[in-house]
Structures are given as structure tokens and as C-alpha cells.
1. Over all directions, what mean area does the Cα convex hull of chain B project, stated in square nanometres?
2. Sort B:201, A:93, B:110 so the one with the fewest other Cβ atoms within 10 Å of its own Cβ comes first.
3. Per residue of B:121-131, how many C-beta atoms from partner chains lie within 10 Å of its own C-beta, taken as a mean?
4. So for A:128, B:187, B:227, fewest C-beta neighbours within 10 Å to most, what's the order?
5. Quick one: angle between helix A:138-166 and the longest Cα principal axis of chain A, in degrees between 0 and 90, rounded to 10, please.
6. Please quote Rg/Rh for the range A:122-168 to two decimal places, taking the Kirkwood radius as Rh and restricting both calculations to Cα atoms.
7. Other chains near A:19-25: what is the mean number of their Cβ atoms within 10 Å of each residue's Cβ?
8. Within a 10 angstrom radius of the beta carbon, how do A:36, A:50 rank from fewest other beta carbons to most?
């Protein structure tokens, strides 16, 4: 009896949590965020143009304006640490030979990420990057769907078990 | 554990911490997690985590906790006084302790899970020491409001008083901090108290108000409930 009751109780609570996650996902997904970073890069130099920041896994539109050719690298925390230690970083994403393009990509994971620009030419380059984040956060979507499904399944299991005890 | 105590706890959940009430409370608390929708600079510190889960969200937690405890203790006692007996076949001390256990278990678990979720949402990782510290602080701050609600519920047996008194204390404390010209919230002071030890009059005052007073109120309420109220 306690098990049936527990399943229905847990199912209802988890279902409400799922609805909460879903509403939070939609609320956070409705807002867009834009930030601009300028850079001046001497020849054969790689520099981070953003600090190590927490990024949500959303659609990212990056507009690059530069008076030369650069590579853009996106590093996670360990990649950033490698870069700080003077090692060649292993980027999550790398775009080479960009001359002022619009890049559209999905940020792969939630966590601390950093944007690097590399100038492989001899001449100094100058430019700016405009980053716009939009859309739903993929991990929150997954979490809300998972909790909603878990809530429904638990509640139905509890209901069926209760029906069984009432009408054996 | 004694089966009647387990049944009593279940009864407590069914009557006062119903699944819909608890679920709706958590839903609202999730919606009020105050994390900027986009990028945050650097690593998330404990005080950042505290600010994401504080403010209006804290007030909601205290309000929900106070209402549930008022229903649990005050209305139950009022009903029992009217009927001149308790319908539960267990000792009064067991009733008090099981009610208290259920309530505090829910408060601590809810705070822990929501703070862990906030930490993950803000930084993509679970900062264990920060999560535990913030949960401890939130629980200590909740304790005063919970103890006041229980005390008013049992001793005064007034629903309105046991909801309004903790709320007035909450706003008075905020006003007092403003009056002292401090930039801290009450949670900030308790965090300082927990992480850095006693330092200054405000921390000492917070320790007395939020740790000693709730314990004293709970002990008094327990004795009043078991020794003075003539129920059974």
C-alpha cells in the first residue's frame, strides 16, 4: 500500500518538477544575448578574446569582422589550461582562415568555455566579434522531457498498482 | 522503525505536505531561480550561488514552509483540542518528532536539490562544498521561521499569528540590516558566520537569532506539546 502511495506521490512531485523545468527552459530560451569583443592581434600570436566564462548550450551566431585572416578556436576548461601553460590547446571547435564570416554553431556543452583567435600571418590584424546566443538550452530540454516522462510513468505505475489492490 | 510511526509520517505527507502542494512549491522555486540567462564571468563562488538562490526565492521558501508547518502543527493541535484527544495511537512525543522530521527532511532535501540544480545551471558543474554550505545556510535561516511557526501554532494556536509572525520577522531583519547600513542579506551574514566563524556583533546576533532561538523555541514547543497540552 505504501509502495503504491509512494509511487503516485513521487510521480506527482516529479511531474510538477518536469513542468517547472519545461517552463524554465522556455523562459530562458525566449531571451537572446549579444556581446561584442574587439581585438588587435600581432603576427603569429594566439590570444583569448573572451575570459573563461560559463556558456549555456544554445545556438550561437558569431559575426566576425577582421582586416586579415584569423582562426577562431573554442576551448573548454582543460583546453584553456593547456593554453595558459603554453601548450598547444585541443579545441572543442576550430574554424580556420576566416576573413569576416558569420559562423552559426551549437555550443556543445554547458560549462566554462573560452574563445581564442589565432593570427597565423605575419601582419597584425584588428577586428571584432559579435556573439549572439539564442534558442533553447539543449540539456534543459532533455532534462525537462526526462522528468516529465519519469513523472508520468511513476504516476501510472502507482495508479495501476493501486487499481490492482482495490480490484485484485 | 515502528510501523505506526511510518504510518504517521505517511499521514503527515498525505495531509500537510501533499504531492500537489510540494510539487507546486518546487515548480515555483525552479521558476524563481535567479540565474542570468546567458554568460557568467569566471568560476561561480559560494556567495554567487547564494545570490542566485536568495532574494524573492528565499521568501517563497519561508512562506511555503511556514504555511505547511502551521497547518501541520497548529490546525492539528486545534482540532485535537476541540475533540479533546488525539486520534493517533502513538505517544505525543513521537507525533511531535515525526512531524518535525518530515518537515525538516523536506526542507533540507528541497534546498539541497534546488541549490545543486542552480549550481549546475550556472556553471555546468556541481560545486559540492559550495552546495553543502549554501544548503546549510538556507536551512539555518529557515529554522527560525519554522520554529516560530511551530511555537505559535502549538502555544498560541493561532493560524494567522503563526504565519504572520515569521513573515514580519523576515522583513524586520531585512530592515534591520538596511538600518545598520550593511550590504549583506541575512543569508550573507549566516554564510560569513558558517564559513569564517564568529566575527563582529552582527554575526553574533545572527547566531543567537537563527541558531539558539529556534532550538529554544522547539524545545519549549516540544515540552508544551507533551507536558502541558492535555490530549490523549
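Just so it is clear, none of the values below were taken in a lab; they were calculated from the coordinates. Quick caveat: nothing in here was measured; it's all calculated off a predicted structure. Using ideal geometry, Cβ is built from the backbone for each residue, glycine included, and neighbour counts are taken over all protein chains shown.
1. 13.7
2. B:201, A:93, B:110
3. Whole-number average of other-chain Cβ neighbours for B:121-131 is 3.
4. B:227, A:128, B:187
5. The two axes meet at around 10 degrees.
6. Across the range A:122-168, the Cα-based Rg/Rh ratio is 1.63.
7. 5
8. With the fewest neighbours first, A:36, A:50 line up as A:36, A:50.
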